[in-house]
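Read-outs throughout are calculated quantities, based only on the coordinates presented, and are distinct from any laboratory measurement. These numbers come from a predicted model, not from an experiment. Note: ideal-geometry Cβ built from the backbone for every residue, glycine included; neighbour counts use all protein chains shown.
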């Protein structure tokens, strides 16, 4: 075959390929323009996937109550738990407090409302249980992790919330 014939064949192939690509572009434009056509295509593809991979689950997921322990999600670090006179309570990491040297100026440990003052300060780990007694004699045992973690100078939540 001559070179001219070979280039002619290649041109024919290029023209066919160009026409196929233009037809695909028109088809894709129709899909983008028509919402129902798009939804039909998505539906058909999902049905095909369901037929191909839609067998019954082979493994069984069974929750085991012994394995799940909420304490495992919290690091066992020391916390400072403060309770004010009006019943506001919060926990602050002990690492936020620093030791004071001789003759140093202390830092403010907590802010309170106008007529409120800190009445109790406890140091406990995150996994310890704090027993709280109400004025009516009821006792509540709450884990230290249940109290809101607030920065040192943040105002706090009242105990009635618990």
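Some points to look at:
- Rg over Rh [alpha-carbon atoms, Kirkwood Rh] for the stretch 3-53: 1.32
- Peptides ranked, highest mean first, by Cβ atoms within 10 Å: ranges 78-89, 23-34, 117-128, 52-63: 78-89, 117-128, 23-34, 52-63
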